[in-house]
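Trainee: Before we start, here is the structure in question, set down as structure tokens.
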Amino acid sequence: MAETVQQFVRSLAESESVGLAFGSDSWTWAETVGDAAARARVLRSWADPDRPLHVGVLMENTPEMIRALLAGAIGAHVTAGINATRRGESLAADVRRADCQVLLTDTEHLPLLDGLDLGGARIIDTDSDEWRELVAEAPRDIDGFPEVGVMDTFMLIFTSGTSGDPKAVQVSNFMVVMSGSVLAEKYALTPEDVCYCAMPLFHSNAIMASFAPALAGGATIALARKFSATQFLKDIRHFGATYMNYVGKPLAYVLATPELPDDADNPLRTAFGNEASDRDIAEFGRRFGCTVWDGFGSTETAVIITRTDDTPLGSIGQPFEGVAVYDRETRTECPPATFDSTGAVTNLDECVGELVNTQGAGFFSGYYNDDAATSARLDGGMYWSGDLGYRDEAGFIYLAGRTDDWLRVDGENLAAATIEALLLRNEAISQACVYAVPDPLVGDQLMATLVLRDDATLDAVAFEKFLADQADLSTKAWPRYVRLATEVPTTATNKVLKRELRVQGTDTTDPLWVREERGRSYSSVS
């Protein structure tokens, strides 16, 4: 059994099954591995022996991106995924922080680098004739490269940056191999399968939940340059995709498109990912005739929670050993949640805490070039995730948002994720984002930005009636402000940037409702 990504790739070097598909083109695994080996030889010929060989990749999901990832595995160098949505000094800072000797990009992204201080990184346009000639002349065999160790870093992957500047996580070969092996076995992936990847390959979800299991199963990697809700089903049918990965809101985006009678007429068997709502999990499975498995994890992979067949509605599953819910101030474990007859949590103040790994770093290998951030995560010998949650008596975990999603309204603590899940019970709402805006006097006021389904309508009176019908909704959790937006700001991995919504506050041209201070009626402001 393979122990490193390098070994995974070597095992496919002579396979004549299709390894890579993009648009109308496809390549066997043998062709793809040979292409990657040639690139690895060119890159190693440029290496400065006095520096770690880190190769940045600034591209969307293209065949050249896959070849670059495989080249890192074969050639035993570290690939740094550079977020293709970053700009200016933020982009330059990522390249410098990753200590890139070489930066591979393409004609589309090359102009983004003009005038930037990249710390001396050698910029290569992979669409250029020079690059094509160099790789065409290089040997395509996989022999003679350094051996990779199990815990050696395979890739530097930057965190999504939803709660601050992105940090470069050192992702080990072990983590990629473990993830790929587990998923390939669980979903029975073989060379007959096609793994559809529309999530960006510079992020951990695409690496752990698509690239890795495809390697482990010898399946085809079918690429979409970027995610498109309207193109999704066409791609699934075109590629014959049997498996797909997602992170963030893609299921909600797809479900917001008009349903057609033949949506379930497709080859998709499994959708695996993170952060979908219970409603979207069930609806996506019904509409497209597949099974949706939603888990919880971060790029750091120190806190892992998995769904079981008996996971209650609203829960994200059972935690791995050592994962617990702790009060950050007292450094003690929070008590289980108690529920009233309506299902509402009655002890949020006590039961909500931060998800931690009490045994230490787990599979987290630290942030590259950032000892301070690594130390902060491992405060007191435990890993502090920054995610809020609570558990029930059976140990099932429920998310409550990020640490800055803990709202205090009229002296009562509220968890944003709990309210968002409740709002999504309304069939007209595709996305719900709950956050605090400053109260003119003291504390917070609760604001909700809603994105409706494409064919849905919602007025203030209907929304008020909907809230009144939710028996488990605290009176303090009625949004003071409601914004109806056509879209919300997100990261490249479809995670909502609430900090931008907080800054915008009520200063918007979108339709905005405000609830009377001591009542329940909403009136239109804009």
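Trainee: Quick one: which strands (runs of 3 or more DSSP E) sit completely within the stretch 265-347 and have at least 2 residues that are polar (S, T, N, Q) and closer than 25 Å to residue 175 by Cα?
Mentor: Filter on the stretch 265-347 gives 270-274.
Trainee: While we're looking at this one, here's another question. Among the residues of the stretch 19-46, how many are surrounded by 19 or more Cβ atoms within 10 Å (Cβ to Cβ), closer than 14 Å to residue 220 by Cβ and in contact (Cβ under 8 Å) with a residue 60 or more places away in the chain?
Mentor: Residues in the stretch 19-46 being surrounded by 19 or more Cβ atoms within 10 Å (Cβ to Cβ), closer than 14 Å to residue 220 by Cβ and in contact (Cβ under 8 Å) with a residue 60 or more places away in the chain: 6 in total.
Trainee: Continuing with the same structure: Just name the residue that is modelled with the lowest pLDDT out of those in the stretch 251-270 that are among the hydrophobic types (A, V, I, L, M, F, W, C) and within 22 Å of residue 312 (Cα to Cα).
Mentor: Quick first cut of the stretch 251-270, residues among the hydrophobic types (A, V, I, L, M, F, W, C) only: 251-252, 254-256, 260, 264, 268.
Going one step further and asking which of them are within 22 Å of residue 312 (Cα to Cα), we end up with 251-252.
Values: 251: 94, 252: 89.
Here the residue is 252.
Trainee: What number of residues within the stretch 361-375 satisfy the criterion of being within 19 Å of residue 327 (Cα to Cα) and either modelled with pLDDT under 85 or under 22 Å from the mean Cα position of the chain (by Cα) (or both)?
Mentor: Of all residues in the stretch 361-375, those within 19 Å of residue 327 (Cα to Cα) come to 361, 375.
Among the residues that remain, those that are also either modelled with pLDDT under 85 or under 22 Å from the mean Cα position of the chain (by Cα) (or both) are: 361.
Result for the stretch 361-375: 1.
Trainee: Have a look at 295, 248, 273 and point out the one that is closer than 29 Å to residue 156 by Cα, at pLDDT below 95 and surrounded by fewer than 18 Cβ atoms within 10 Å (Cβ to Cβ). Spell out how you get there, then give the answer.
Mentor: Working: 248 fails: surrounded by fewer than 18 Cβ atoms within 10 Å (Cβ to Cβ); 273 fails: surrounded by fewer than 18 Cβ atoms within 10 Å (Cβ to Cβ).
Among 295, 248, 273, only 295 is closer than 29 Å to residue 156 by Cα, at pLDDT below 95 and surrounded by fewer than 18 Cβ atoms within 10 Å (Cβ to Cβ).
Trainee: How many of the residues in the stretch 471-495 are hydrophobic (A, V, I, L, M, F, W, C), outside any strand (DSSP E or B) and modelled with pLDDT of 90 or more?
Mentor: Qualifying residue count, the stretch 471-495: 2.
Trainee: If you don't mind, another one. Just wondering, is there one or more residues in the stretch 134-144 that are assigned by TED's automatic domain parsing to the domain that holds residue 64, more than 19 Å from residue 64 (Cβ to Cβ) and either touching an Asp or Glu at 6+ places or on another chain (Cβ under 8 Å) or part of a strand (DSSP E or B) (or both)?
Mentor: No, the stretch 134-144 contains no residue that is assigned by TED's automatic domain parsing to the domain that holds residue 64, more than 19 Å from residue 64 (Cβ to Cβ) and either touching an Asp or Glu at 6+ places or on another chain (Cβ under 8 Å) or part of a strand (DSSP E or B) (or both).
Trainee: Out of the strands (runs of 3 or more DSSP E) lying entirely within the stretch 377-464, which hold 1 or more residues that are more than 23 Å from residue 505 (Cα to Cα) and at pLDDT 85 or above?
Mentor: Details: elements: 383-391, 397-402, 406-409, 412-415, 429-438, 444-452.
Passing ranges, in order: 383-391, 397-402.
Trainee: So residue 335 ticks every box in (1) under 17 Å from residue 413 (Cα atoms); (2) buried (at least 16 other Cβ atoms within 10 Å of the Cβ) but one. Which box is left unticked?
Mentor: (2)
Trainee: Scan the stretch 280-289 and tell me whether some residue there is surrounded by fewer than 21 Cβ atoms within 10 Å (Cβ to Cβ), in the same structural domain as residue 395 (by TED's automatic domain parsing) and of a type in the set (Gly, Ala, Ser).
Mentor: no
Trainee: Could you tell me which of the residues 271, 229, 256 is in contact with a strand residue (DSSP E or B) (Cβ under 9 Å, 6 or more places away or on another chain), over 17 Å from residue 307 (Cβ atoms) and in contact (Cβ under 8 Å) with a residue 24 or more places away in the chain?
Mentor: It is 256.
Trainee: Among (1) more than 30 Å from residue 274 (Cα to Cα); (2) out of contact with any strand residue (DSSP E or B) (no Cβ under 8 Å at 6 or more places or on another chain); (3) surrounded by 17 or more Cβ atoms within 10 Å (Cβ to Cβ); (4) among the hydrophobic types (A, V, I, L, M, F, W, C), where does residue 467 come up short?
Mentor: (1)
Trainee: Does any residue in the stretch 496-518 that is part of a helix (DSSP H, G or I) come within less than 8 Å, Cβ to Cβ, of a residue that is polar (S, T, N, Q) and surrounded by 11 or more Cβ atoms within 10 Å (Cβ to Cβ) six or more places away or on a different chain, and which pairs are these?
Mentor: 498/162; 499/162; 499/163; 501/449
Trainee: Something else: Against the definition (hydroxyl-bearing (Ser, Thr, Tyr), out of contact with any Ser or Thr (no Cβ under 7 Å at 6 or more places or on another chain) and within 18 Å of residue 61 (Cα to Cα)), how does residue 230 come out, yes or no?
Mentor: Values: hydroxyl-bearing (Ser, Thr, Tyr): yes; out of contact with any Ser or Thr (no Cβ under 7 Å at 6 or more places or on another chain): no; within 18 Å of residue 61 (Cα to Cα): yes.
Here the answer is no, as residue 230 does not meet what is asked.
Trainee: Test residue 302 against the stated conditions and say whether it is within 19 Å of residue 241 (Cβ to Cβ) and crowded, with 21+ Cβ neighbours inside 10 Å.
Mentor: Considered against the rule, which asks whether it is within 19 Å of residue 241 (Cβ to Cβ) and crowded, with 21+ Cβ neighbours inside 10 Å, residue 302 comes out as no.
Trainee: Assuming residue 294 fulfils every condition listed in (1) free of Cβ contacts under 8 Å to residues at least 12 places away in the same chain; (2) closer than 24 Å to residue 178 by Cα apart from one, which condition is it?
Mentor: All conditions are met except number (1).
The values are calculated or read from the model by the stated rules, or taken from the named source; none is laboratory data. Model, not experiment: these values are computed from the prediction. Cβ atoms come from the backbone with ideal geometry, glycine included; neighbour counts cover every protein chain shown.
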